[in-house]
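A.B. asks: Structure incoming, see below.
The values are calculated or read from the model by the stated rules, or taken from the named source; none is laboratory data. Here the structure is a predicted model, which means the values were calculated and not measured. For neighbour counting, all protein chains shown are included, and Cβ atoms are generated from backbone atoms with ideal geometry for every residue, glycine included. With ligands, DNA and RNA removed, areas are computed over all heavy atoms of the protein, side chains included. Shrake-Rupley method; radii C 1.70, N 1.55, O 1.52, S 1.80 Å.
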Amino acid sequence: CEKRHDARPPQNLKKEYENLLGTSAQVRWLFIGHIILIFLSFTLLYLFLYSFRKEILISFSKSLFILMMVLIMVGTASLVVRFNAGNLYLVPFVALPVIIFTFYDSRLAFYIHMVTVMIVGFWAPNAFEFIFLQFVAGAVSMFTMAKLYKRGQLFVAVGLIMLTYIVAYSAL
């Protein structure tokens, strides 16, 4: 095991990986790989809609709404990571499945949530922790939204989601 000879504090795994990449050609290939994986994610979303919700694909406005919601969440997360504007965990990712669930159903909402979280996971400093935390919070949001009949219950749902975030984040 080699010792570090500089006085810098150890960086997280993502930064160390980026430091090991070195050449711009390697960074370019990594970028191309990310683009391919994002394309595959959107292809899976398309196939899901084609298999289970064709009426959404037929309607331009419904497809555009879903696409814009995903792009807004991914764009916001990208800006937060790029400009170090704060913690990525402060971006309200769980709002996406709640909004989609309001207009559609829980299965579509959860699937779109997972595709979005997987895409953002490419930029997240600790991808596994980020994806796991968002998966758990998204699942809890779907369970609580399914039993929502009164507006007052929305506060209970938000409280349970916050409690889930706190417990899962603390455990990680």
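A.B. asks: Once label points are set 7 Å from the Cα along Cα→Cβ at both Leu163 and Ser78, what is their separation, rounded to one decimal in nm?
C.D. replies: For the pair Leu163/Ser78, the computed spacing is 3.7 nm.
A.B. asks: How high is the relative contact order of region 58-147, in percent, counting Cα pairs under 8 Å that sit 6 or more residues apart?
C.D. replies: 28
A.B. asks: For region 30-158, which whole percent of the accessible surface, found with a 1.4 angstrom probe, sits on carbon and sulfur atoms?
C.D. replies: Carbon plus sulfur share of accessible area: 75 percent.
A.B. asks: Moving on to the next point. How would you rank 99-107, 134-142, 148-156, 36-44, highest first, on the average number of other Cβ atoms within 10 Å across their residues?
C.D. replies: Most protected by this proxy first, the peptides run 134-142, 99-107, 36-44, 148-156.
A.B. asks: Calculate, in whole percent, how much of the Cα-Cα pair population of region 72-172 lies beyond 22 Å.
C.D. replies: Percentage above 22 Å: 27.
A.B. asks: Related question: Which whole-Hz couplings ³J(HN,Hα) result when phi for each residue of region 104-119 is put into the Karplus expression 6.51 cos²θ - 1.76 cosθ + 1.60, θ = phi - 60°, listed in order with x for Gly and Pro?
C.D. replies: Along region 104-119, the couplings run 10, 9, 5, 5, 5, 4, 5, 5, 5, 4, 5, 4, 5, 5, 5, 5 Hz.
A.B. asks: Further question: In nanometres, what is the gap between the two model label sites at Ser63 and Asp105, each 7 Å from Cα along Cα-to-Cβ?
C.D. replies: 2.1
A.B. asks: Could I ask something else about it? Give me the number: length gained by fully extending Ser170 to Phe135, i.e. 0.36 nm times residue separation minus the C-alpha to C-alpha distance, one decimal in nm.
C.D. replies: Working: separation 35, 0.36 × 35 = 12.60 nm, distance 1.55 nm.
Full extension of this stretch gives 11.1 nm more.
A.B. asks: Considering only Phe128, Asn84, Leu148, whose Cα is most displaced toward the positive end of the charge dipole of region 34-172, charges sitting on Cβ of Lys, Arg (+1) and Asp, Glu (-1)?
C.D. replies: Positive-end residue among those listed: Leu148.
A.B. asks: Where only protein heavy atoms count, and the probe is 1.4 Å, what is the accessible area per residue for region 83-126 in Å²?
C.D. replies: Details: 2000 Å² over 44 residues.
It amounts to 45 Å² per residue over region 83-126.
A.B. asks: Sorted from largest to smallest, which semi-axis lengths in Å does the alpha carbon gyration tensor of region 81-128 give for its equivalent ellipsoid, taking the root of 5 times each eigenvalue?
C.D. replies: Values: eigenvalues 108, 28, 9 Å².
The equivalent ellipsoid of region 81-128 has semi-axes of 23, 12, 7 Å.
A.B. asks: Placing unit charges on C-beta atoms (Lys and Arg positive, Asp and Glu negative, everything else neutral), compute the dipole magnitude of region 28-172 about its Cα centre in debye, rounded to 20.
C.D. replies: The dipole of region 28-172 has a size of about 240 debye.
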